[in-house]
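Participant: To start, I am sharing the structure in question, which I have written as structure tokens.
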Amino acid sequence: MLSLKIVTIILLSALQPSTPMDIVPGLPWPQGLQGHDDENYPMSLLSNSFPTSDLLQRYKVITSMKPGIRRYNMFWSAMEQIHSSSTSNISCPEGTIKTPANEEDKDKRGYRKYHCYNKAELLNFDAVFALDAAAGAQNAAILYSAPPFYRHPNCTGFSFGKVKDKDGCVPMPQYLDDYYDYVNMLAERWATNNLKHFIVWNEVASAGWMDLSPDIPNRAGPNGSNPLTDAQTDYLVSRYAELMNLTAQAVSRHTDIAMIWSSNDRLWERPHQREGDPLHIGVRPLLDRLWPKIKTSFTWAMAVHPYDPGNPADVSEFMPGFHPQAYTFGSLSNVVDYQRKQVQAVGGLDPDSVEGKPFTLLYASEQGWPSPACCNDRIRARNICYAHSLAKLLPEMVAVTHNFFQDSPDGSSQGGQDYGLIAGNITATLSNGTGYPTFDAYVSTSSPAFGTSNDHYCCETWSVGCSGIKRIHGDFDPTSSVGRDITLHGWAWDEGTMGAGRAPVDVRIVVNGDIVMNNVTSNVSRPDLVAAGVSPTPDHGFNVTISSTANMLNISVFVVNSPSSNVPVQLEESPRCLKWNQGSYSPILC
């Protein structure tokens, strides 16, 4: 097809799903894709659980950004500091709230034991959640960190920076009723308002963050081997399935308008490890076992942590043949593809149906770029822009909350690294943030700015999130096939390359969500392009052959590494879909 087609960068706000479906029935999509992990600051700006003037000024800026989800570590150990009781005569110390009040109250409210919950912690969240609701944001809670008296006394934890971290120690089986009550309390208090997202534990394929020692080993064996037997691996996944099920049960007592999220780091396959490292079994192997245990018995989806080696558009760690595979923002479509297959094969649902679609959704709930290990603040700001651009390419992406919004004034550390993206010398009110790259990137990726104009940081500095048309031209022509071999051809060029578009660009071939060819130079001679007036020179074609054993193919072609876009740009007429039929592939509607 030789009509002049200018391919717009697919980064406009319209591509954040304006889906007819809610996340779950009754729960709308957040007002924006970009959200915040900002808890270190609001809590420090409360006075006796009431907002200070600085906090109110801070929220004026936050409200203007129209955040989607604001996420909080609602750690169990901060909520409950003395052991529960099975009888109502528990003596709660000053500053705590006896919950429930008595036996009748216990039956009515669905609690299984009696607890003393931290009053100040609850009131602080009351205040902050009210401010978030006024800003139009939904809230997410990370359910994590059992109080020490509910953990196994010999749970080892692991060294995280200079700290021996035991927050991942899972509650012993006899205290799962206490976990249920903890979630029940949170849901009772806030789930009918704007606490709608419940993230269960943290990065559970890692024994550092989901620690079941001493019941099963939590360290890599000799030469980094996995010491777990099949039965021990099944025990690990079964214990996590228990936490997921209990969370769903507790939340459903109060509302059906909420989402349960599993917590997953980026290490899709089991990584290479050294002896003694906190054991990691790989996210995909864990999910392979989790799916048959919980299936679609309640609505759940994946919270993902797409950290990266320094650039969220780097997809090299998920390329065919790369091992161990790890995802970034640029390769999350592979995770969606996995979930879609599980929804159909294990859950028995159409992944595009109202019932099946929620299980395919993703929430990028934690990722960031630590200093000094990663990069300076200019590159961190670039990565905020790139990550947002890539997230908007994925229709299944519900929200993004980076780790984390702003550094504390005296600095902060996670494992010896500083993750705060907006510097601590920006005031609590954010009034002096403009001009600082990471602050400008957050403002730029807010829904009022991104994709609505060209007058914002990400567009002006990194050429993403612009409202104008970017000068990338091209087309994915109809395919041809002989047996299982399919020839893909088309053309692409960018006015931003050398010689006003004379230098070639690279294209990427994606089949059924997997990158099968990357950095294919589009430099095949196509004199017809010049004759048709759609290209300044003929050398902008591509022609490659791939083979497949699949009976249904969805093939996409993207321009990559282009001067006019820092993220992949899909060509016109892409994707194309094919069906195996009587010895060859035939085109079908996608």
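Participant: Scan segment 259-284 and report the pairs whose first residue is of a type in the set (Phe, Trp, Tyr) and whose second residue is in a loop (DSSP other than H, G, I, E, B) and open to solvent by 20 Å² or more (accessible area, probe 1.4 Å), with Cβ atoms within less than 6 Å and a gap of 6+ or a chain change.
Facilitator: What qualifies is TRP268/GLN325.
Participant: Taking segment 258-285 as the search range and keeping residues that are of a type in the set (A, V, I, L, M, F, W, C) and closer than 17 Å to HIS323 by Cβ, which one is surrounded by the most Cβ atoms within 10 Å (Cβ to Cβ)?
Facilitator: VAL283
Participant: Sticking with this structure for a sec: Give the residues of segment 433-448 that are closer than 14 Å to VAL61 by Cα and over 21 Å from the mean Cα position of the chain (by Cα), sorted by residue number.
Facilitator: Passing the criteria: GLY433, THR434, ASP440, PRO448.
Participant: A further question follows. Let me confirm something: among PRO351, PRO309, PRO320, which residue is over 30 Å from ARG378 (Cα atoms) and modelled with pLDDT under 95?
Facilitator: PRO320
Participant: Among strands (runs of 3 or more DSSP E) lying entirely in segment 128-212, which contain 1 or more residues that are closer than 28 Å to SER86 by Cβ?
Facilitator: 138-143, 195-200
Participant: Something else about it: Do you know which residues across segment 370-387 are open to solvent by less than 10 Å² (accessible area, probe 1.4 Å) and in contact with a Gly (Cβ under 7 Å, 6 or more places away or on another chain)?
Facilitator: If the condition is that a residue be open to solvent by less than 10 Å² (accessible area, probe 1.4 Å) and in contact with a Gly (Cβ under 7 Å, 6 or more places away or on another chain), then CYS385 is the only one that fits.
Participant: Moving to a separate point now. Restricted to segment 343-365, and to residues that are in a loop (DSSP other than H, G, I, E, B) and hydrophobic (A, V, I, L, M, F, W, C), which residue is farthest from ARG289 (Cα to Cα)?
Facilitator: Filtering first and then ranking leaves VAL354.
Participant: Pairs only if they're at least six apart or on different chains, beta carbon under 7 angstrom, first in segment 415-437 and in contact (Cβ under 8 Å) with a residue 12 or more places away in the chain, second of a type in the set (Lys, Arg) and outside any loop (DSSP other than H, G, I, E, B); list them, first residue then second.
Facilitator: Partner pairs satisfying both residue conditions: LEU421/ARG380; ALA428/ARG58; THR429/ARG58; LEU430/ARG58; PRO437/ARG378.
Participant: Which members of segment 53-104 meet the condition of being more than 16 Å from ALA134 (Cβ to Cβ), touching a Ser or Thr at 6+ places or on another chain (Cβ under 6 Å) and in a loop (DSSP other than H, G, I, E, B)?
Facilitator: PHE75, ASN102
Participant: Which residue is nearest to LEU243 (Cα to Cα), if the candidates are limited to segment 134-185 and must be open to solvent by 20 Å² or more (accessible area, probe 1.4 Å) and of a type in the set (Ser, Thr, Tyr)?
Facilitator: In this case the residue turns out to be TYR175.
Participant: Limited to segment 335-370, what total is found for residues that are hydrophobic (A, V, I, L, M, F, W, C) and out of contact with any strand residue (DSSP E or B) (no Cβ under 8 Å at 6 or more places or on another chain)?
Facilitator: Qualifying residue count for the region: 6.
Participant: Something else now. Tell me whether segment 29-45 contains one or more residues that are open to solvent by less than 60 Å² (accessible area, probe 1.4 Å), over 23 Å from ALA141 (Cα atoms) and modelled with pLDDT of 95 or more.
Facilitator: no
Participant: Of all residues in segment 41-69, which are farther than 18 Å from PRO409 by Cα and charged (D, E, K, R)?
Facilitator: LYS60, LYS66
Participant: Something else: Which residues, counting only those in segment 243-279, are part of a helix (DSSP H, G or I) and under 23 Å from ASP22 (Cα atoms)?
Facilitator: MET244, ASN245, THR247, ALA248, GLN249, ALA250, VAL251, SER252
Participant: Working carefully through the options GLU80, GLU103, find the one that is at pLDDT 95 or above, under 17 Å from MET185 (Cα atoms), surrounded by fewer than 20 Cβ atoms within 10 Å (Cβ to Cβ) and of a type in the set (Asp, Glu).
Facilitator: The match here is GLU103.
Participant: May I pose another question? Does ILE555 fit the bill of being within 24 Å of ARG340 (Cα to Cα), in contact with a Pro (Cβ under 7 Å, 6 or more places away or on another chain), aliphatic (A, V, I, L, M) and open to solvent by less than 10 Å² (accessible area, probe 1.4 Å)?
Facilitator: Answer is yes for this residue.
Participant: Hey, among THR360, THR328, which residue is touching an Asp or Glu at 6+ places or on another chain (Cβ under 9 Å), open to solvent by less than 20 Å² (accessible area, probe 1.4 Å) and free of Cβ contacts under 8 Å to residues at least 60 places away in the same chain?
Facilitator: Matching residue, one of THR360, THR328: THR360.
Participant: Only residues that are at pLDDT 90 or above and either in contact with a His (Cβ under 7 Å, 6 or more places away or on another chain) or not in a strand (DSSP E or B) (or both): list them for segment 569-586, please.
Facilitator: LEU571, GLU573, SER574, PRO575 - these are the residues of segment 569-586 that are at pLDDT 90 or above and either in contact with a His (Cβ under 7 Å, 6 or more places away or on another chain) or not in a strand (DSSP E or B) (or both).
Participant: Let me ask something additional. State all residues of segment 444-501 that are hydrophobic (A, V, I, L, M, F, W, C), part of a helix (DSSP H, G or I) and either under 26 Å from ASP377 (Cβ atoms) or open to solvent by less than 50 Å² (accessible area, probe 1.4 Å) (or both); if no residue qualifies, say none.
Facilitator: CYS458, CYS459, TRP462 - these are the residues of segment 444-501 that are hydrophobic (A, V, I, L, M, F, W, C), part of a helix (DSSP H, G or I) and either under 26 Å from ASP377 (Cβ atoms) or open to solvent by less than 50 Å² (accessible area, probe 1.4 Å) (or both).
Participant: Something else: For segment 424-435, which residues satisfy the criterion of being modelled with pLDDT of 90 or more, out of contact with any Leu (no Cβ under 9 Å at 6 or more places or on another chain) and surrounded by 13 or more Cβ atoms within 10 Å (Cβ to Cβ)?
Facilitator: Result: ILE426, THR427, LEU430, SER431, GLY433.
The values are calculated or read from the model by the stated rules, or taken from the named source; none is laboratory data. Since the model is a prediction, treat every value here as computed from it, not as a measurement. Quick reminder, even Gly has a Cβ in these numbers, built from the backbone with ideal geometry, and neighbours come from all protein chains shown. Remember, those area values only see protein heavy atoms, side chains included, never the ligands or the DNA or RNA. Shrake-Rupley method; radii C 1.70, N 1.55, O 1.52, S 1.80 Å.
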